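Reading through the structure tokens given below for one structure.
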Amino acid sequence: MKIKNKIIKQKRGRIKPKFEKIMKCIFLGQQLKAAEQMVPSSESLVTKNYSASGYSSRPCEAEKQPDTGNIEEAEWSLRESSSLNYEEARALLGRIEYQKGNIEAALHVFEGIDIAAATPKMKITLASKRGERHKRRSQNYASPPMSMHAVSLLLEAIFLKAKSLQVLGRFTEAAQACKVILDIIESSLPEGFPENLVADCKLQETVNKAVELLPQLWKLADSPREAILSYRRALLHHWNLDTETTAKIQKEFAVFLLYCGGETIPPNLRTQMGSSFVPRNNIEEAILLLMILLRKVSLKRVVWDPSILDHLSFALSISGDLRSLANQFEELLPGIINRKELYHNLALCYHGAGEDLVALNLLRKLLSSREEPRCVSALLLASKICGENPDLAEEGTSFACRALECLEGECDQFESTANCLLGISLSAQCKLTITDSERITRQSKALQVLESAGRSTGMRDPNILYHLSLENAEQRKLDAARHYAKSFLKLDGGANVKGWLLMARILSAQRRFADAETIISAALDQTGKWDQGDLLRTKAKLQIAQGQVKSAIETYTQLLAVLQVQSKTFSSGRKLHKGSENPARSLELDVWHDLAFVYIRLSQWRDAEVCLSKSKAIGCFSATRCHATGLLHQRKGLHKEALQAFGNALDIDPTHVPSLISTALVLRKLSEKSNAVIRSFLMAALRLDRMNSTAWYNLGLLCKAEGTECSALEAAECFEAAATLEESAPVEPFR
């Protein structure tokens, strides 16, 4: 009997779950019918309203199949509460219409939900979950007005309403609807999702989607300020987002900041820690976000995305901080990018940051036989770097020739660039060439390859035209130089200051000082205030050449005022890296030196000393300042003190040509050294600057003083060279 009872109980145990499921399905059907009576069905809610206009949301026969997911959702809702209320029923029906693709019908259903009335209940329910752990100590508290499932259902309905509005092009309304979700969550859970809510996947999924969608909606609504605030809100609040979602939002925000085309408000300082970096503009905020993403990649929290580095390269390039970009490349984990690409990118960064020797060493590694010896872009960059340094000019010539060999006429643009760089390197080599014949040969070849580069581009490349003009000017072919400079200005539209400066210097070498000053005045009218420094300095020198010393001093004073305002304006800007030059400070130093030379010529010793003291306050070690100090002593008749000052200048810069010449003059005046020693100083100056008329003139005087027939002939040649060069000397060097 006991065994029989046991078998009966086991059978009942197996039958009970099946029976319960059947009863639940029956109960579900009864409840759905009740819901249809209380809330019109999808057909009654929508079809009746749209039938008159020819619209129907009636699904096709295939769509009439029951949605298992929706039935399970409804069943879960019924388990949570005795019946669906009006809002929950509409949320379910709206979701069904949205999933069918009946967007307008779904929106009509969602708009029937009274979100304003449901919002306080949802907030109370969510807040109760936050404090549930503390409230468990006491059983005397009211139950929340809604179930968590009902909250999740309504929040999803709001999200789908926003999506429906987005599809219909009503972006502002969509953003406002989506914002309601975040407002509810943020006000109810200011410290983020508690542990007892983390398991609610549906609620978390809705919140994640809303956080991602809101900035996109504001962008579509053409509200960049609201979009940026939404991005910051997404990243600063505790939404319990996963790492990939956060990284996606950070990248989208950085891209929007870089390319939105307008400056926005900086982040609120209250959201930052006391010692945290606070971005001051769009670029800085984007750089910060992209650096955070790169760090996550290094820590292997997110997968590698090459576009992150592309956007960061752009941001740091336009902000002028290429040294930081090089650091980011160096911190990448091995294998993320190809080693050859890494060398090339690092070389570009260091070259842009002014660290050319570091860049050149990287390029040498890249162009070695073990790596990529035929990389044309690397060969061209290496040639460019070498061409800017006479000591490396021969290597630059070699790189340019290798590039031409690799091209073999395949790309006219690259070939013209290689020829241009070859011409620049050959020209730089001339400064170190000892024999005149070798120098003339290299100068001739430099012009030849530059002209070849110009012809291959139809004389439409501004860079080639500029170097053609510069090379002709240095060889004193001034008419040709002026022609190319004029073509450069016409092609460039006067946008580049160096074109105006070169034209003015060429005109000054032709003794057309008034025309040169007119050119500078025209350039000043077309140039921004902060870019006028070199133009004003050249204008002052032109005025001195015309004997307008008072006007020149006024121009220098104007330039110093501009530099002072510029310094105050940008004093809180980005700090320069160690070893890098501040162009404004360097220009200010040159201006004080120029004024010192003017006052020395006018025998105004006190004013000259003030200028030199100002110069010393900017930079302690300056060969030009030591040279000016020597000239001041020399004009006062203090030759030994002058000699010591010139020696100090040569200690700082052994290639300082004016100090070499002045040392020779003082030694000749003191008669303390033999003519051979004096000649050695003058010859050293001429090796460095073959076009220096003062050096040729003083060498002629030295030869004439020797009194021999041979020396007299040599002196005549020196005087002739000095006179020729003096007639074609610009007010300041062409290069």
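The values are calculated or read from the model by the stated rules, or taken from the named source; none is laboratory data. Just so we're clear, the structure is a prediction, and the values are computed from it rather than from any experiment. Glycine gets a Cβ as well: all are built from the backbone with ideal geometry, and neighbour counts include every protein chain shown. The area values use the complete protein model at the heavy-atom level, side chains included, leaving out ligands, DNA and RNA. Shrake-Rupley method; radii C 1.70, N 1.55, O 1.52, S 1.80 Å.
Brief remarks follow.
- Those residues of segment 373-386 which are open to solvent by 10 Å² or more (accessible area, probe 1.4 Å) and either in contact with a Cys (Cβ under 6 Å, 6 or more places away or on another chain) or not hydrophobic (A, V, I, L, M, F, W, C) (or both), in sequence order: PRO373, ARG374, VAL376, SER377, LYS384
- SER662 being open to solvent by less than 50 Å² (accessible area, probe 1.4 Å) and without any contact (Cβ under 8 Å) to a residue 24 or more places away in the chain: no
- Here VAL449 passes the criteria (1) farther than 25 Å from ASP492 by Cα; (2) at pLDDT 90 or above; (3) over 30 Å from the mean Cα position of the chain (by Cα) except the one numbered (1).
- Restricting GLU720, GLU714, GLU727 to residues that are without any contact (Cβ under 8 Å) to a residue 24 or more places away in the chain and either small (Gly, Ala, Ser) or within 29 Å of ARG512 (Cβ to Cβ) (or both) narrows the list to GLU720.
- In segment 533-559, the residues that are over 15 Å from VAL598 (Cα atoms) and in contact with an Asp or Glu (Cβ under 7 Å, 6 or more places away or on another chain): none
- Residue in segment 253-264 that is modelled with the highest pLDDT, counting only those that are touching a helix residue (DSSP H, G or I) at 6+ places or on another chain (Cβ under 7 Å) and surrounded by fewer than 19 Cβ atoms within 10 Å (Cβ to Cβ): VAL255
- Number of positions in segment 724-735 that are open to solvent by less than 50 Å² (accessible area, probe 1.4 Å) and part of a helix (DSSP H, G or I): 1
- Yes/no for GLU395 being at pLDDT below 90, within 32 Å of the chain's Cα centre (by Cα) and closer than 25 Å to ALA359 by Cα: no
- The listed residue being free of Cβ contacts under 8 Å to residues at least 24 places away in the same chain and either in contact with a strand residue (DSSP E or B) (Cβ under 9 Å, 6 or more places away or on another chain) or over 30 Å from LYS251 (Cα atoms) (or both), out of LEU346, LEU379, LEU363: LEU363
- Single residue of GLN526, GLN532 found to be within 29 Å of the chain's Cα centre (by Cα), within 20 Å of PRO583 (Cα to Cα) and of a type in the set (S, T, N, Q): GLN532
- In summary, GLU581 fulfils each of the numbered conditions (1) assigned to a helix (DSSP H, G or I); (2) modelled with pLDDT under 85; (3) closer than 28 Å to ASP492 by Cβ with the single exception of condition (1).
- Residue in segment 407-418 that is farther than 30 Å from MET691 by Cβ, among the hydrophobic types (A, V, I, L, M, F, W, C) and under 30 Å from the mean Cα position of the chain (by Cα) present: yes
- Being farther than 26 Å from SER444 by Cβ and open to solvent by 10 Å² or more (accessible area, probe 1.4 Å) is a description that does not apply to SER398.
- Test: residue in segment 333-346 that is open to solvent by 30 Å² or more (accessible area, probe 1.4 Å), under 25 Å from the mean Cα position of the chain (by Cα), of a type outside the set (S, T, N, Q) and over 30 Å from LYS300 (Cα atoms): no
- Entry remark, segment 360-372: residues being at pLDDT below 90 and open to solvent by less than 50 Å² (accessible area, probe 1.4 Å) number 2 in total.
- Restricting segment 702-718 to residues that are crowded, with 18+ Cβ neighbours inside 10 Å and out of contact with any Asp or Glu (no Cβ under 9 Å at 6 or more places or on another chain) leaves a set whose member that is modelled with the highest pLDDT is CYS718.
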